[in-house]
Structure formats: C-alpha cells, structure tokens
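Contents: one structure, followed by commentary.
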Amino acid sequence: MADIEELVRLLKELEEELVHCTRCGMCQAVCPLYGATGRETDVARGKIVLVENLSKEILDDPEAVKQRLDRCLLCGSCEAACPGGVPIMDIFLKARAIITGYLGLSPVKKAIFRGLLSNPDRFDKLLKWMARLQGPFSRQVSETLGSSCARFMSPVIGDRHFMPIASEAWHKKGHRQFLRPRDPGLRVVFYPGCLVDRIFPRVAEAVMKVLDFHEVDVFAADRVPCCGIPALSAGDRQSFEKLVRQNMDILDSLDFDYLVTPCATCTATIRKFWPAMIEAGAGGLTGEIQEKVLAASEKTRDINELLVDVLGVQAPAAPASGAKSLTYHDPCHLKKSLGISRQPRTVLAAAGDVNFAEMREPDRCCGMGGSFNLQHYGLSDKIGQKKLAAILETGADTVATGCPACMLQLTDLLSRGGHALAVKHPVEVYAEALQQRPGLQKPVDAQKPGNTDYDKATETYR
Amino acid sequence: MNKKLVCEFENLVGRENVMAEQADRQAYSYDSAVLEPVVPALVVRPETSAQLGKTVRLCNENGLPLTVRGAGTNLSGGTIPAAPNAVVVTTNGLSGIIEINSEDMYAVVEPGVITAQFAAAVAAKGLFYPPDPGSQTVSTLGGNVAENAGGLRGLKYGVTKDYVMGIEFFDVNGELVKSGSKTVKCATGFNLSDLMVGSEGLLGVFSRIIFKLIPPPKDSRAMMAVFDSVEKASETVSAIIAEQIVPCTLEFLDNFTIRTVEDFRHAGLPTDAGALLLIEVDGHPAGVEDDAEKIRKICEQKGAGKIQRAGSAAEKDLIWQARRDALPALARLKPTTVLEDATVPRSRIPEMVKKIRDIGEKYHIDIGTFGHAGDGNLHPTILTDKRDKDEFARVEQAIDEIFEAALAMGGTLSGEHGIGLAKRKYLEGETSRGTIRYSRRLKETFDPVNILNPGKVIGD
C-alpha cells in the first residue's frame, strides 16, 4: 500500500473509536511518558488528535505521526483511566499497523520480525548462539539479581544491566504431553512466552512445580512461537498474523480447559489484541480460524488468576511473621489491561512467612514497554527511576512482579543502582514456599469453566 | 514562522523546548472546549522564570499573540491559540513548589504545579488547600488562578480567588510585577493580584503565586439522600443553609444523571429518584456529628425517601463514587459532551433544573444535570455528536437559552469555567456595553500591541 488515499480510507475506519475522545486531558495524570517529558504528543489525547488529523488530511505527514505514535509504552494507563472509555490501545495498534502498511517496515524491523520472530527454529538457533557468546563479552555484576553488564562498550547494550540468555530455551527440555484421561481434573496448556522461555526459565520451572502440586494436567509444546506483540506494536500485521497462526497450529489439536501464561504481556495480547485484530477485519485471519482464535483467547489466564480464581489458592488468616519482606509491582498489562491486581497479592500471601509492604503507586509503569526500552532507553530509565525510588522506600528484600518484561526492567534499575534486592515472579515465591513447607494446604475444589464462580472471576474483563 | 525568529526562541529556552514541526503544533491547537481548533505557529516551553519573561518580551517585540497553556483542560476555549500566528507558552516546565510554610500557613509555587499534587504536598505538611476543580489531577495552579477555578468545596471553603495572597507576573515587556504578600494583611500598592485572578491570560503571564493554606478539618461525615423530586431536594438545600449549617460539599444529581450513572456502575442507585443529594459536613468531631444529625432530620422532614449515612471510609467513598461517575458516565453516551457551568442563586435551582429540562425537550437533545447545589453552580451536560450538523445547531440554540435563563434568574454565565471564546457573546448580556469598553481600555493600557490571548473574554 503506497497510496495516500488508501491510508486515509483505512484511518477513517477508526473514526467511530476516535470520535469519543472529548479532549478532557485526564490521560495526562496517568501517562508515565508524559510525566517524564510534558509533551502533548507523548500523551494519548495528542496522539489521538494526530491520527484524526491524518485521517482528515489536515496533516499530511504520516512519517511524523508514526514517530510520535511509536513514542509510547503501550502500558494502557490512559485507557484504564479514560473517562470517556475510548479504546486507546486498539486505536494505537491499528493506527500503527495502517501507517506502517503505508510507509513500509524499516529494513531492520523486517529482518527481525519476518526473518527471525516468525521462524521460531531460526530464532532459537540464534539465541543459543548468542547465549554462548555472552560469557566472553559480559560479566556478572549482581549475585542476588543474576544480572550482567557489557565488558566492553557496546552500542546495543549500552549501560544496561541485563539478564543473560539461557543456554537453552526452557521448552527444549520442558515440553510435555497431557498425562491423564480427559476427565475429571483440570487440563492446562502452559505457554511460557519468549522471555520466560529464554531469559527466565526458572519461572517456567516454578509454574510446573506449582501446577504439579495442584494436580493439574499440563501440556507444554516443544516450540514456543511468539504471541506477536512485538510485531503488532511495530505495526507489522503480517508477522503478527503469521505468529498467531503458528500458535493456533499447536492449540488446534488440543483438548484443554485453560491456556496459562506467567507473562502479563502475553496474557493481555492473547486475551485482548488477538480478538481485537480479528474483529478489525481486513487482515489475513479470516474464516474458520477466527472462531478458534476467539475460543483460545477466552480460555487464556494469567498464572496468578488461575491459582486464585480457578484453583482456589487463598491467603492464610494469620498475618505473616517472617523476617523477610516483599513488595509487589503491578504490571500494566495485568492490572490496567485485565484488572488483575488482587490475585498476585493473594498468591504472595499464600506463600506465607513474608511481610508484605505495599509500595507507593504500585501500578505506576516501570518504563519497560517492550521495544520502547530498546528505542528510548533514556526515557525508559527516567520513568524507571521513579519506580526504583518507590521500591526502595518499602525496605523490602524482594520485589515481585507478574511480568518477565517488568522483571528485566526492575533488574536493570536495581543492578545499576547497586541494590541487592531479588526480583521474582509471584509464582516463584509460591513455589519456593511449597518446597520449604511441604505441609502447605491445597484447596480441593478446582473449578472448571462454565460454573457461576468462574463467570464472576472473569467479570473484570467485560 | 520564519527560521530566524524560531532560532531566537531556541536561543532563549533551548532547542528541545521549542516545537515548530507541524505535527507537534497541531497537538496544541485545542483544549477541552467543544470549539474549532487553531494551530499555533510555535510552541515554547520555558523552564525558568527568566526564560518565561524573555519569551513574553520576544513575542511582544514581534507582535505575536501569546496564549499560555497549563494542562489544556479549559472548558471555554481559553487555551485555544488566539490566532494562527500565535505562540503557545506551556507552563509544565515551571512546576516547582518553592515553599510550603507551616508556621505562617502559606505556599509559594510556580504556575505549572499540578493542583492535586500541590494539595497532596500541602496535606503531607498537615495543612489544607481546599479548591478542588474536577480536573485537579491534571490542571495547573496557574490555570486555576487564571480561570478562578472552583470545585466541590466552594460553598464552605470558597474558590481559588479566596486562597491567592500574591502573584508575581510578567508584563508584555517581560518586566516582573510583584503584588500581594506572604502576610495575612497587606495594604501595599494596588491590589493587582486580585485583578490577575480570573484574567484568563489577558493581562499578564504568571511567574509565581503565593497561596493561603488553612488547617484541615479534624473529622467529616457523608450521606446520600434520595428525593422523588428536584423541588424537595432543593427545599432541603435551602433548609440546611437556613439552619446555619454549611456543608463542605452539597452535590446534586438529576434523574437523567442518576440513571446514566447506575447503568455505568451498577452500584444500586435508585433509578426512579427525581434527585439525589450528596452531602458532607466537616469540622470538629462533636460539631460534625451534631450537624450530620440535624441534616438527617431536615432531609426527613423535607420528604427524603431514603437517607444513607456513610459509616466507614469505604462507604463514604462509595457515596462519592456516584458523583465522580457523573461526568464519565454521561460522556460515554454520545461522542460529544458539552459541559456548561451556568450558575443561579441557589434558591432558584428547582426553577433552573426545570428550565433546562424544558429546553432539552424543546430542542430534542439529551441533557444530564448535576452539580454544586450548595452554591447554585449547575453543570447541564449536553450529550450530542458534533458531526450531526442539524442536532449540533439545536445544541447551540439550547445553550443560548440556558444562559439566557440563568441571567434572567439573577445568575451568572460562568461559575468556574471562565468566559474564554465560548461565552464572550453573552458577556454584554450579564454586564453592560460600558463594562466591555472599560475592560478593553484596561487591556490596551497593559498590553498596547494586544498580544496577550487576544480575542478572548472581551473580544477585540
């Protein structure tokens, strides 16, 4: 598509969503990026005006609009707080796809999304190769965090303190089939997502331990195609659709109750953006696959949500007495996209023996925003420093968060600041407790989809 | 704008603080009022008071209209650039709280400080800054002063002007003008601070503001009373005041708003009620208990169907949730929301609410009315779709009639949103031709080149 009339026509399809923005400006209160820059084009109201102006041909510079749309963490804080209920994330992702379709994908992104991400085998091989190289080129800086930094000046890594890539993706050894007959008991497909699979395999291990403890029958595939969010946020609809198809190829033959992920962003993508992009129509995901995608999306749960709302994990009645203290950061894609904030705290409390200290503004974005961190590291860091200060104020030994991308950002922030706090997923904390205290109570009535409590548990989505 | 001039602004405030690209400028062409946008020629973001003064001077030397913008939440068009050659000066680079003085109970701030953040900082020092406009989580104190913003606590605590002790501002030549003081009493020189309050960017550019702070109330009680008619609710308001009780908030929701909020939140509001009153009293614990009981009795006497008193903080929050939901719930019904602030003496509220209902029926448009019953400041909220030309023309006629009615009842055009562009055509109706001439001569004296937000309030 290189026809400006076609660009305008496609953008006009967003009109019914755009028109609900009343310019009230309340998004300024919650946007982490606007908080750091004070520029109107960084906040949702400004971006919506630019998309609208482009669609009305008041503005004739798609490149400039794209640049400004790309400066966004896609954290969804604005949408969650929007008085008018404007579907801001939908608008941004669709507009990125439309404008990228017009301008074309940059050669680098094309190479990454179409050459690598859409080919999981090739992607695995590359990462394995990179994992071998990181020894000579990086050094460990924090034992608590397990973080590293570059030994030599590196243009890509810069000053980042990062988590090393696992020598082998978790799924290579972790894959498994359903073991038991269909009924009774719960059947769960475990989807680790790229970051857990390749950077935090320990989180996947923890999920396995916890699901085994709760006697859930688990399937894990021998390949992990990306959920598609990096491609979608770059406006590469073609790669996004290819990845959705690859995932559906795995899910299609399976008979299961839930698809579970420990990644806030994967959960939000599968639950919200897979259906949203299908409903947007005009793409390659048409016909029979539509209903299958919607069905899979409906069955998708965050691991904390599964543990609390389905498996009935509860906080103990007695307050914790342990010496260790812990705080929790709400990933945007759990709390603001899906309304999940109570469940991870319940999982942490269920682990017992930890004193929970709530941080100031626990749902303030950490500044990671996926590829935003790669493209705008300075801004990402500026936003992150506020989060770091809030974490340190609690005096906690451990900061838990339900998203591997947030875990990376928190690790970088803590490690560079020289703070020896551990960063963990709530499911890790819970799994450790199971190991240390084998007598921990297991709730009996796991809920299958279809009954009333289940409906209540998913109320927040509607 | 020519490159040389852009360069001069860049030299003043730094390249990163000057926005000349079309895409950036278009994002400063609007505010929250339902009016046509105007794209400015340049956007400048000073980060120091000195830069601000020089920016004003440079605009004046080049005859460039200057519109100051805080958070751009104005509901009367005051922050829409005055002309296509205008420079928008944003104040969010000037957001320092210079001092909060607990002993002398005042604070000094820069204009870009966000209202709610200031109120929180003041509260952390054990003091209280009462003005709480609806946009307080994003609005700036400079904007609040320039518009004389109100809020829910107006009845008991007054509005922004009641807390301004002094203002330092730049005249068009970039010279600093100081007025007011940190002292309770001040009889020094002309009272220019009061002239600046509500001046809507027409007379000077604020650099610093001194605010009065007060001790916070020790206790509070909230309740919700359900009435089957607006008349009964309004009589209750009058009776409460006649009893010499001054609630800190006394809010009203009409039937249309109640139904919309209930559809939105499903919190169990009585959808058949004619009106709801949300009432809060604060002060000394003993007095508060006493007042709350008296109010309960008055509500009963006046025929309230149900009175719900908040026992806990959570219950109190639930009561206020209904009020907080009013605007978002209404705004979701239709794409365009026109929020007005016509204000009448509080005894005329039933008459005004009925009038607004009649106007809505006459023009076949949806209007939800809620607002500050205690001070007569209503928010008739018109729900429409500006793309529907026919309906929008009827909306404009309805707005004309709403203001006409407010004035006929001895009310005012604006309780708290200002005149800006949207209401300047009605100004003579409330004041006089002479008032406008006088105001224009005043502006001419302060601003001979007419660069400060020209065309707003009093026209050209």
- Message: Quick check on segment B:358-406: of everything there that is more than 22 Å from B:L152 (Cα to Cα) and touching a Leu at 6+ places or on another chain (Cβ under 7 Å), which residue is least open to solvent (accessible area, probe 1.4 Å)?
- Response: B:L383
- Could you please let me know if B:R57 is within 12 Å of chain A (Cβ to nearest Cβ) and assigned to a helix (DSSP H, G or I)? no
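Would you confirm whether any residue within segment B:40-53 is within 13 Å of chain A (Cβ to nearest Cβ), farther than 30 Å from B:A393 by Cβ and of a type in the set (G, A, S)? Even if it seems obvious, please write down each step before you answer.
First, pick out the residues of segment B:40-53 that are within 13 Å of chain A (Cβ to nearest Cβ): B:40, B:43-47.
Subsequent filtering for residues that are farther than 30 Å from B:A393 by Cβ retains B:43-47.
Pick out the ones that are also of a type in the set (G, A, S) and you get none.
Within segment B:40-53 (the criterion being within 13 Å of chain A (Cβ to nearest Cβ), farther than 30 Å from B:A393 by Cβ and of a type in the set (G, A, S)), the answer is no, since none of the residues qualifies.
Of all residues in segment A:252-278, count the ones that are among the polar types (S, T, N, Q) and not in a helix (DSSP H, G or I). Show your work before the answer.
Pass one, segment A:252-278, residues among the polar types (S, T, N, Q): A:253, A:261, A:265, A:267, A:269.
With not in a helix (DSSP H, G or I) added as a condition, the list becomes A:253, A:261.
The qualifying residues number 2.
To keep it simple, each residue is scored yes or no on (1) in contact (Cβ under 8 Å) with a residue 12 or more places away in the chain; (2) over 24 Å from B:Y30 (Cα atoms).
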position: B:V338; (1), (2): yes, no
position: B:A406; (1), (2): yes, yes
position: B:M409; (1), (2): yes, yes
position: B:T412; (1), (2): yes, yes
position: B:A422; (1), (2): yes, no
position: B:R441; (1), (2): no, yes
- Task: State whether one or more residues within segment A:92-108 are crowded, with 18+ Cβ neighbours inside 10 Å, in contact with a helix residue (DSSP H, G or I) (Cβ under 8 Å, 6 or more places away or on another chain), of a type in the set (F, W, Y) and more than 15 Å from A:I229 (Cβ to Cβ).
- Result: yes
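Is one or more of the residues making up segment A:195-208 open to solvent by 30 Å² or more (accessible area, probe 1.4 Å), at pLDDT 90 or above and within 28 Å of A:L69 (Cα to Cα)?
Let us first name the residues in segment A:195-208 that are open to solvent by 30 Å² or more (accessible area, probe 1.4 Å), namely A:195, A:199, A:201-202, A:205.
In the following step, the residues that additionally are at pLDDT 90 or above were identified as A:195, A:199, A:201-202, A:205.
Retained after the next criterion (residues that are within 28 Å of A:L69 (Cα to Cα)): A:195.
Yes - at least one qualifying residue is present in segment A:195-208.
Output the number of residues of segment B:408-435 satisfying the condition of being assigned to a helix (DSSP H, G or I), farther than 18 Å from B:S76 by Cα and not basic (K, R).
3
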- Query: Got at least one residue in segment B:368-382 being more than 25 Å from B:P270 (Cβ to Cβ), out of contact with any Pro (no Cβ under 8 Å at 6 or more places or on another chain) and either within 14 Å of another protein chain (Cβ to nearest Cβ) or not in a helix (DSSP H, G or I) (or both)?
  - Reply: no
- When segment B:80-99 is examined, which residues are found to be farther than 17 Å from B:S207 by Cα and either open to solvent by 10 Å² or more (accessible area, probe 1.4 Å) or more than 14 Å from every other protein chain (Cβ to nearest Cβ) (or both)? B:A82, B:A83, B:P84, B:N85, B:A86, B:V87
- Query: Does segment B:188-204 include one or more residues that are open to solvent by less than 10 Å² (accessible area, probe 1.4 Å) and assigned to a strand (DSSP E or B)?
  - Reply: no
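Is it true that B:V138 is within 17 Å of the chain's Cα centre (by Cα), closer than 23 Å to A:R39 by Cα and not assigned by TED's automatic domain parsing to the domain that holds B:A222?
Working: within 17 Å of the chain's Cα centre (by Cα): yes; closer than 23 Å to A:R39 by Cα: yes; not assigned by TED's automatic domain parsing to the domain that holds B:A222: yes.
Yes; evaluated as a whole, the condition is true for this residue.
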- Restricting attention to segment A:2-22, does a residue exist that is open to solvent by 30 Å² or more (accessible area, probe 1.4 Å), at pLDDT 95 or above, within 13 Å of another protein chain (Cβ to nearest Cβ) and outside any helix (DSSP H, G or I)? no
- Inside segment A:23-47, the number of residues satisfying the requirement of being in a loop (DSSP other than H, G, I, E, B) and closer than 21 Å to B:G77 by Cβ is 4
- Message: Give me the strands (runs of 3 or more DSSP E) completely within segment A:298-383, filtered to those with at least 2 residues that are more than 14 Å from A:A400 (Cα to Cα) and under 14 Å from the mean Cα position of the chain (by Cα), ordered by residue number.
- Response: A:300-302
- Per the filter on segment A:378-396, residues at negative phi and open to solvent by 50 Å² or more (accessible area, probe 1.4 Å) are A:G378, A:K382, A:Q385, A:K386, A:L392, A:E393
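Out of B:I209, B:I240, B:I245, which single residue is touching a Leu at 6+ places or on another chain (Cβ under 8 Å) and either part of a loop (DSSP other than H, G, I, E, B) or closer than 30 Å to B:A86 by Cα (or both)?
On the way: B:I240 fails: either part of a loop (DSSP other than H, G, I, E, B) or closer than 30 Å to B:A86 by Cα (or both); B:I245 fails: touching a Leu at 6+ places or on another chain (Cβ under 8 Å).
Of B:I209, B:I240, B:I245, the one residue that is touching a Leu at 6+ places or on another chain (Cβ under 8 Å) and either part of a loop (DSSP other than H, G, I, E, B) or closer than 30 Å to B:A86 by Cα (or both) is B:I209.
Only one residue in A:A97, A:A64, A:A131 is farther than 30 Å from B:E21 by Cα and in a helix (DSSP H, G or I). Which one? Spell out the reasoning first.
Working: A:A97 fails: farther than 30 Å from B:E21 by Cα; A:A64 fails: farther than 30 Å from B:E21 by Cα.
Within the list A:A97, A:A64, A:A131, the selection yields A:A131.
When you scan segment A:15-22, do you find a residue that is of a type in the set (A, V, I, L, M), out of contact with any helix residue (DSSP H, G or I) (no Cβ under 6 Å at 6 or more places or on another chain) and within 30 Å of B:E47 (Cβ to Cβ), even just one?
Keep residues of segment A:15-22 that are of a type in the set (A, V, I, L, M), which gives A:18-19.
Among the residues that remain, those that are also out of contact with any helix residue (DSSP H, G or I) (no Cβ under 6 Å at 6 or more places or on another chain) are: A:19.
Restricting the remaining residues to those that are within 30 Å of B:E47 (Cβ to Cβ) gives none.
The answer is no, given that none of the residues of segment A:15-22 is of a type in the set (A, V, I, L, M), out of contact with any helix residue (DSSP H, G or I) (no Cβ under 6 Å at 6 or more places or on another chain) and within 30 Å of B:E47 (Cβ to Cβ).
Do you know which of the residues in segment B:415-452 that are within 30 Å of B:R153 (Cβ to Cβ) and among the basic types (K, R) is least open to solvent (accessible area, probe 1.4 Å)?
Going residue by residue through segment B:415-452, those that are within 30 Å of B:R153 (Cβ to Cβ) are B:415-424, B:426-427, B:429-431, B:435, B:439.
Subset that is among the basic types (K, R): B:423-424.
Working: B:K423: 4, B:R424: 100 Å².
My answer is B:K423.
Answer yes if at least one residue in segment B:20-36 is outside any helix (DSSP H, G or I), over 24 Å from the mean Cα position of the chain (by Cα) and at the interface with another protein chain (Cβ under 10 Å from one of its Cβ atoms), and no otherwise.
Looking through segment B:20-36, at least one residue is outside any helix (DSSP H, G or I), over 24 Å from the mean Cα position of the chain (by Cα) and at the interface with another protein chain (Cβ under 10 Å from one of its Cβ atoms).
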- Task: Check B:E110, B:E103 and return the single one that is surrounded by fewer than 17 Cβ atoms within 10 Å (Cβ to Cβ) and either acidic (D, E) or closer than 22 Å to B:L327 by Cβ (or both).
- Result: B:E103
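Here are B:L339, B:L327: which of them is in contact with a strand residue (DSSP E or B) (Cβ under 6 Å, 6 or more places away or on another chain) and either within 26 Å of B:H266 (Cα to Cα) or modelled with pLDDT of 90 or more (or both)?
On the way: B:L327 fails: in contact with a strand residue (DSSP E or B) (Cβ under 6 Å, 6 or more places away or on another chain).
Result of the check over B:L339, B:L327: B:L339.
Quick one: which strands (runs of 3 or more DSSP E) sit completely within segment B:275-349 and have at least 1 residues that are crowded, with 22+ Cβ neighbours inside 10 Å and more than 14 Å from chain A (Cβ to nearest Cβ)? Before you say what the answer is, go through the steps one by one.
Values: elements: B:275-283, B:306-309, B:336-339.
So the answer is B:275-283.
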- Note on the structure: Being closer than 17 Å to A:D124 by Cα and either in the same structural domain as A:S341 (by TED's automatic domain parsing) or in a helix (DSSP H, G or I) (or both) narrows A:D197, A:D222, A:D249 down to just A:D197
- Task: Mind listing whichever residues of segment A:23-59 are among the hydrophobic types (A, V, I, L, M, F, W, C), at the interface with another protein chain (Cβ under 7 Å from one of its Cβ atoms) and under 19 Å from A:P83 (Cβ atoms)?
- Result: A:C24, A:M26, A:A29, A:V49
- The condition of being at pLDDT 95 or above and either surrounded by fewer than 16 Cβ atoms within 10 Å (Cβ to Cβ) or in the same structural domain as B:R323 (by TED's automatic domain parsing) (or both) holds, among B:E168, B:E175, only for B:E175
- Which residues, taken from segment B:382-404, are touching a residue at least 60 places away in the same chain (Cβ under 8 Å) and under 21 Å from the mean Cα position of the chain (by Cα)? B:I399, B:I402, B:F403
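The values are calculated or read from the model by the stated rules, or taken from the named source; none is laboratory data. This structure is a prediction, so every number in the text was calculated from the model and none was measured. Methodologically, a virtual Cβ is constructed for each residue, glycine included, from the backbone with ideal geometry; neighbour enumeration extends over all protein chains shown. What goes into the accessible areas is simple: the full protein's heavy atoms, side chains included, and nothing from ligands, DNA or RNA. Shrake-Rupley method; radii C 1.70, N 1.55, O 1.52, S 1.80 Å.
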